[in-house]
Amino acid sequence: MKFKDGWHYIYNSIRPGLADVDRMKAMAKAGSGLHDFINRKIRNNYFHKYH
C-alpha cells in the first residue's frame, strides 16, 4: 500500500495478521474506514516499510 507521503507499507499474515489484513481489504473495497482503522489499530504494526 502506498500513502500520500510516498512511503509504501506491506501488511501480511505475519504483521498485522490475516484477520486485520482481510478487514483492511474489505474497508478498501468499500471505500470507507481504512484510514481510521490503520491510525487507531494498526499504527506501526506493518511487516515492512520502504520509500
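The values are calculated or read from the model by the stated rules, or taken from the named source; none is laboratory data. The shown structure was predicted, so the numbers you read here are calculated from the model rather than taken from an experiment. Cβ placement follows ideal geometry from the backbone for every residue including glycine, while neighbour counts extend to all protein chains displayed. Surface areas here come from the heavy atoms of the whole protein model, side chains and all, with no ligands, DNA or RNA. Shrake-Rupley method; radii C 1.70, N 1.55, O 1.52, S 1.80 Å.
Summary table
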read-out	value
Residue satisfying condition, being at pLDDT below 95 and of a type outside the set (D, E, K, R), within set H35, H48	H35
Filter result for the condition that a residue is exposed (fewer than 11 other Cβ atoms within 10 Å of the Cβ), on the phi < 0 side of the Ramachandran plot and touching a strand residue (DSSP E or B) at 6+ places or on another chain (Cβ under 7 Å), over K2, K49, K29	K2
Any hit, the range 22-35, residues being outside any helix (DSSP H, G or I) and within 10 Å of the chain's Cα centre (by Cα)	no
Scope the range 5-26; condition of a type in the set (G, A, S), open to solvent by less than 70 Å² (accessible area, probe 1.4 Å) and on the phi < 0 side of the Ramachandran plot; matching residues	A26
